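Colleague: Okay, here's the structure, questions in a sec.
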Amino acid sequence: MPVLLFLIDTSASMNQRSHLGTSYLDIAKGAVETFLKLRSRDPASRGDRYMLVSFEEAPAGIKAGWKDSHATFMTELRNLQAVGLTSIGQSLRTAFDLLNLNRLVSGIDNYGQGRNPFFLEPAIVVAITDGSKLTSSSGVQDELHLPLTTPLPGSELTKEPFRWDQRLFSLVLRIPGHASPDPEPIGGVPLDPSPITPMCEVTGGRSYSVFSQRMLNQCLESLVQKIQSGVVINFEKTGPDPPPTEDGPIEMKYGPQSWHSCHKMIYVRPNPKTGVPVGHWPIPESFWPDQNSPTLPPRAAHPQVKFSCVDSEPMVVDKVPFDKYELEPSPLTQYILARKSPHTCWQVFVCNSAKYGELGQPFGYVKASTALNCVNLFVMPYNYPVVLPLLDDLITVHKFKPPAKWRQSFENYLKTVPPYYITALRKALRMMGAPNLLADNMECGLSYSVVSYLKKLSQQAKIEADRVCASVGKKAALEGGIKLRCRSAALSLAHRKDFTQLLNSIMGDGPALPMEANTKEFAGFQLAALNKAFKPQGLRNPYDIPRSHLLDQLSRMRRNLLHASICILKGQDQDQLHSIPIAQMGNYQDFLKHCPSPLREADPDQPKRLHTFGNPFKLDKKAMMVDEADEFVTGTQGKGKRPGESSSPAGGGAPKRRRCMSPLLRLGRAYTPPKTPPRILYNDETELGNHINNHLESYRNSDKEPSPALESELIQQRNLLQLDEVEKQENRVQENGQSSDSEFSLGSEGEEEAPHRYPSPCQLKKIRNQESQELNSELRVLITKEIRKPGRRYEKIFYLLKQIQGSLETRLIFLQSIIKEAARFKKRVLIEQLENFLEEIHLRANSMNHLDGF
């Protein structure tokens, strides 16, 4: 996933206009938008990450960082303003520190353990500037200097501020203010002579000197092609030049050649299946790791790889993994391809990588492809000319059963290998089918103090990364004022004994003051800084009135004086109250950031909902509930059925959906039914209502204090039963052909009540079964809620189970469904108690020989 960081020059010189009529800053903004459009044509751009840094001081200069969206990037780009100095050195350091923010946390640099090209985070820094003088608070600079001090932890482990997978490209705008009559030169874009050019070349990039809009578009297309996954390596020749070949160039040149030293990139291609680069072997460090050393020597950002021009035979053993990287076109690749010898190779080394010897042992070779269209770098095991024949004998001769002599030769080889190669070698042997050749307790080569130091740096880098990400977008606090420097350490003039004489000299009544008593020197005096957030107060502060607006201001002041009421003057002109410069009319992002939320949360106790695509009602599943010691249940169960939707076998269908609680049925407020004619209470209804009331009274009269949740649930059950009674009465009256409204009116007038018709035994049985089903459905909902709660307090569940209505078969089926619900949430203790409760029901039913109670 490439990282594209745009460093935009926001100095005051970017306000200069070109012959196109636009300022340099507008051209820079348009160039970024054009670059994004060109990049979006590539399908690989879906994983790009964009960042934006200006020339302001950090953290205000970081406009879009790691956690900011693409919309924030575009908004901050449009809101850039050209005010300030050309502090490109400090801004470059801020950009590189932002890119290196997470490298220590992820361990991508792998300090002291070799350089892994497949562990990379490719980044391109595109700087757009006008190439003017480098200005800072200390003056004008001729050369580009990056600050040596940085708050980023672990920066001392690398000599340079950048890394080997980060490159800098600069677009230096040289578009003239007047159109030139001469035609534009056709060809490549030249390098720019500005101080940023050497910095670009050091990182592996380049600069572009842009003189027209056409050249700018050409540069942007070239930059899009530069977005490649790879790392930069310094290739340097060691030893004599190679002899000429039969098909290669015949002429011999003496002295240093361009191909002797190349600073180019090797392409690290991602795996087409996973999209992530895969590799096996590292590039060795330039030092031998010492387990007694308390610190690590700082490494260079780009490894120095030496290549020997002695022709060697390329070695590859079947089943032994190797890494292959393509070299970026350079004078070195052109020279190798011109020799037309694809069957020979040149070995590569890293100086001081071996325990003895300055050059070290070869870790791979460079070789032209068979089709002679590119040059590849093959990374092999360290000192591969020794270990590959041993591994070949292990596979073909010994059949993975090595004798003692082979083991001795392999142990001698391991003594010459840097210790950090052991992990990669063990992994390769496991892939080959020989996992037991290397012991698991072999050391990695770093001392305990170094390992502890790296862990500490990782923790500090994580804290620093969180701090920087939190400070992105925040403006720096305004200073209280500009302090004036005092040339002398003397007291202020007001504290002098001869203050009166000095005052007379100032008024012209006395002799002139000496230089040491200059009246312009005041100890601790400050000049107020201009705060752009406040609007100018023309009617209050005369210093807010520009010189060109003095006459207009006099008219405003006269109008304010004449049109004001008695003793009331307006402090600000009505026209200026709502006037905003045109450049700031569309800048409403800062206002929205500081604006409070217009709406409060509907229910702050509920878990926050995630803004997920396709399901806006998905709940946050980060909260976990613990039931057993080794069981975890997510806090929001959204995948299972709702408790009210579970089918009841005895009910002959799905029960009704639970009624929503109206404001009249809230906790602690009993429901008062409307005045209705008296009716006959059936035995089952009276018994059910009395049963719940008796339980409430027993809890209140007992010494044990009932829990508020249990009492509120019982009150809800009683209220629901009262509401059900009223609805059932209305239904019975309507079934008998009588109007409920008329009965209510008759009852209110005090007239005689109409005679009631008693239900038949079949209707009574049907009513009782329906009421039992409704009560059991309510109990099922309450029991299911209790099962979902964490903990092992199951007293309320068994209390509610005793309220089940119906025959013994109905109760047993109900209890079996509750056991299944508990098994769905893996409540093993509850399941065991429910099974014991089920056996107790069977025993009591057999002993008492009845079906109504247990």
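The values are calculated or read from the model by the stated rules, or taken from the named source; none is laboratory data. Being a predicted model, the structure only gives us computed values, none of them experimental. Methodologically, a virtual Cβ is constructed for each residue, glycine included, from the backbone with ideal geometry; neighbour enumeration extends over all protein chains shown. Side chains included, ligands, DNA and RNA excluded: accessible areas come from the protein's heavy atoms. Shrake-Rupley method; radii C 1.70, N 1.55, O 1.52, S 1.80 Å.
Colleague: Which one, HIS145, VAL189, ASN79, is farthest towards the positive end of the dipole of segment 77-193 when Lys and Arg carry +1 and Asp and Glu -1 on their Cβ?
Modeller: Looking along the dipole axis, the top candidate is ASN79.
Colleague: Under the 0.36 nm per residue contour assumption, what length would be gained going from the current alpha-carbon distance of ARG600 and LYS497 to full extension?
Modeller: Here the segment from ARG600 to LYS497 would lengthen by 30.7 nm.
Colleague: Over segment 1-53, with a single point scatterer placed on each C-alpha, what log10 of the ratio I(q)/I(0) does the Debye formula yield at q = 0.30, 0.31, 0.32 1/Å?
Modeller: Scattering profile of segment 1-53, log10 relative to I(0): -1.17, -1.21, -1.25.
Colleague: Tell me the label-point distance for the pair THR295, ASN373, using the 7 Å Cα-to-Cβ offset, in nm and rounded to one decimal.
Modeller: 5.0
Colleague: Would you pull out the residues with amide H under 5 Å of GLU160's amide H, same chain only if 5 or more places away, H placed 1.01 Å from N?
Modeller: ALA301
Colleague: Quick one: how many Å² of ARG407 are accessible to a 1.4 Å probe, rounded to 10?
Modeller: ARG407 exposes around 110 Å² with every protein chain in place.
Colleague: With r defined as the distance between the Cβ atoms of ARG793 and VAL83 and R0 fixed at 60 Å, what FRET efficiency is calculated, to the nearest 0.05?
Modeller: So the FRET efficiency works out to roughly 0.35.
Colleague: At 7 Å along the Cα-to-beta-carbon direction for both LYS405 and HIS563, put a label point, then send me their distance in nm to one decimal.
Modeller: Modelled inter-label distance: 11.2 nm.
Colleague: Please give the peptides 423-434, 167-178 ranked by average Cβ packing (other Cβ atoms within 10 Å per residue), highest first, as a rough proxy for protection.
Modeller: 167-178, 423-434
Colleague: Another one. For a quick check of understanding: with a 1.4 angstrom probe and all protein chains in place, what accessible area in square angstrom does SER258 have, to the nearest ten?
Modeller: In the full protein context, SER258 sits at about 80 Å².
Colleague: How would LYS273, LYS401, LYS340, LYS827 rank on accessible area, largest to smallest, probe 1.4 Å?
Modeller: Order by accessible area, largest first: LYS273, LYS401, LYS340, LYS827.
Colleague: While we're looking at this one, here's another question. Within segment 136-177, what residues put their amide N at less than 13 Å from the label point 7 Å along the Cα-to-Cβ vector of ALA12?
Modeller: Those under the cut-off are 136-137.
Colleague: Right, another one. When the Debye formula is applied to the Cα atoms of segment 768-849, each taken as the same point scatterer, what base-10 log of I(q)/I(0) results at q = 0.13, 0.17 Å⁻¹?
Modeller: Log10 I(q)/I(0), no solvent term: -0.40, -0.67.
Colleague: Once a ≥ b ≥ c are taken as the square roots of the eigenvalues of the Cα gyration tensor of segment 50-125, is the result rounded (a/c under 1.5), prolate (a/b larger than b/c) or oblate (a/b not larger than b/c)?
Modeller: Judged from the Cα gyration tensor, segment 50-125 comes out prolate (a/c at least 1.5, a/b above b/c).
Colleague: Turning to a different aspect of this structure: On a full-extension model of 0.36 nm per residue, what is the gain between THR396 and ASN436, subtracting their alpha-carbon distance, rounded to one decimal in nm?
Modeller: Full extension of this stretch gives 12.6 nm more.
Colleague: Report the gain in length on full extension from LEU359 to ASN412: 0.36 nm times residue separation, minus Cα-Cα distance, nm rounded to one decimal.
Modeller: 17.1 nm
Colleague: For segment 1-89, what does the alpha-carbon gyration tensor say about shape, rounded, prolate or oblate, given a ≥ b ≥ c as the root eigenvalues, a/c under 1.5 as rounded, and a/b over b/c as prolate?
Modeller: In terms of gyration-tensor shape, oblate.
Colleague: I would also like to ask the following. First measure r as the distance between the Cβ atoms of LYS766 and SER807, then evaluate 1/(1 + (r/R0)^6) with R0 = 22 Å and state the FRET efficiency to the nearest 0.05.
Modeller: For R0 = 22 Å, the calculated efficiency reads 0.90.
Colleague: Further question: Let me check I have the definition right: for segment 1-160, take the eigenvalues of the Cα gyration tensor, multiply each by 5, take square roots. What are those semi-axes in whole Å, largest first?
Modeller: Each semi-axis is the square root of five times an eigenvalue, giving 28, 22, 12 Å.
Colleague: May I ask you to list the residues of segment 59-82 whose amide nitrogen lies under 16 Å from a point 7 Å from Cα along the Cα→beta-carbon direction of ASN102?
Modeller: Inside the label zone: 64-70.
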